[in-house]
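What follows draws every value from the coordinates through simple rules; no lab data is involved. Because the structure is a prediction, the values reported are computed rather than measured. Neighbour counts are summed over all protein chains in view; Cβ atoms, including those assigned to glycine, are modelled from backbone coordinates with ideal geometry.
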Amino acid sequence: MATDYYELLGVPRDATAEDIKKAFRRVARETHPDANPDDPTAEARFKEVAEAYEVLKDPERRRRYDRGETFDIGDLFGAGGFGGFEDILRSVFGEGSVFGQGRQQGSARGRDVLARVNVTMEEACFGVEANVSFRTNVSCEICAGSGAKPGTDRITCPTCQGAGAVRVQRRGILGTMMTVATCDACSGTGEVVSDPCERCVGAGIVPSDREVSVEIPPGVDNGTRLRLSHEGEAAGRGGQPGDLFVEVRVEPDERFVRDGAELIHRTTIGIAEAALGTTLDIPLLDGKHHALEVPVGTQPGWATAIRGEGMSRLGRRGRGDLVVAIDVEVPSDLSREERELLKRFASLRGEKAGGKRRWL
């Protein structure tokens, strides 16, 4: 289940923008890696907090999140990686803050990947398991992602002595702090390659096509993004894979127009059907049909709802309604017999038809 941004920041769903900013200042101090140098999970936890703040501080993103939409980390922070998170800290704590100082990239992590999948409106309603194809970097099969030539091993990094990080003294609003920065020589892995693999040239990753199965939940809308942790780009050398974001494209259905959880089906009947009533065969998303009784004297623009036959609600129980909108067609190409019958009908109703002027 996706992380609840409100719960992560410890604020109610009706929190004000100022409440959210105050909560972020508090939680950021508690979770920032510089304040937790011995916690290997600190950076991942802080990224979640920064992601939550970046979404909830923006009114439009917040509305989209409340509707159930997910967000791509690349879209939120750009290609700058952790630097994007540090920009947030500068805007909240100020340039002089210890949390506003530049932090080097953490342990090697694969990039997040965005892929797209097309589903029918029926699949969007009921959910479906879909296969998503994309191209990205995967772990090198020759060296099993180590980057080292088969038969050789990586060696301990001489710069950090295998720690993967070096200690740096920094001054900020909290005073002088001894913080930990990622070792440049080994990118945080604690090891370097002395004899690189010929296939991946020491990187531990190679480009390849991938196919991943993803569960599309009932009720997704066009543009919904689903997040699959660790299914993105491989990092190589023991690093953590990035995430895969799957953007759902819902194909149009000529039978229906979607409006949130409601479906609208438009159909046309003749003037005799409108006057005398009729029964229509209305298509449903599941392939079945509904017999709809159109009442006597139906007027153009008449509409009715078939309860519970609309779209599923994302993350909620139940379905919306299927609204059937009726239009009445007035014939323009009458046969002689039809014309005579209509003239007789008009005469019986006291209507002046057939080209004669009617005075109002």
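Between the C-alpha center of the stretch 321-352 and that of the stretch 200-278 there is a gap of 45 Å. Each Lys and Arg adds +1 at its Cβ and each Asp and Glu adds -1 at its Cβ; summed about the Cα centre, the stretch 147-277 shows a dipole of about 840 debye.
Net charge near Met121, counting Lys/Arg +1 and Asp/Glu -1 over other residues with Cβ under 12 Å of its Cβ? Summing Lys/Arg as +1 and Asp/Glu as -1 gives -4.
Per-residue packing, averaged as other Cβ atoms within 10 Å, sorts the ranges 18-29, 276-287 into the order 18-29, 276-287, beginning with the highest. Counting charges near Thr279 (Lys, Arg +1; Asp, Glu -1) among other residues having Cβ under 10 Å from its Cβ returns a value of -3. For a straight C-alpha distance cut-off of 22 angstrom, the lysines reachable from Lys343 (same-chain residues fewer than eight places away being disregarded) are Lys352, Lys356.
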